[in-house]
């Protein structure tokens, strides 16, 4: 009995120098989740800051609010540019 060796050339996955210029369904769902999380974080932090009477706590919540808004805008800009911009702008 002779065992067949799998053809190693057929079993290897193709390696890309750059990721393909497509978004899979899983990628789309993750991007949707990231946008939703940041929008919800923005809304909750803004509401909590508006209800808070301690100025230091309110300032920290507003800072968190602006952070979530910035992240939301960065994700949108990245998607609108087709992924060609640097995220660290």
(request) From 60, 64, grab the single residue that is in contact with a helix residue (DSSP H, G or I) (Cβ under 8 Å, 6 or more places away or on another chain), more than 27 Å from residue 21 (Cα to Cα) and surrounded by 15 or more Cβ atoms within 10 Å (Cβ to Cβ). (result) 64
(message) Looking at the structure I just gave you, is residue 51 at negative phi and either modelled with pLDDT under 95 or exposed (fewer than 12 other Cβ atoms within 10 Å of the Cβ) (or both)?
(response) yes
(request) Report whether or not residue 36 is without any contact (Cβ under 8 Å) to a residue 40 or more places away in the chain, over 18 Å from residue 72 (Cα atoms) and exposed (fewer than 12 other Cβ atoms within 10 Å of the Cβ). (result) no
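The values are calculated or read from the model by the stated rules, or taken from the named source; none is laboratory data. None of these values were measured; they are calculated from a predicted model. Ideal geometry is used to build each Cβ from the backbone, glycine not excepted, and the neighbour counts take in all protein chains shown.
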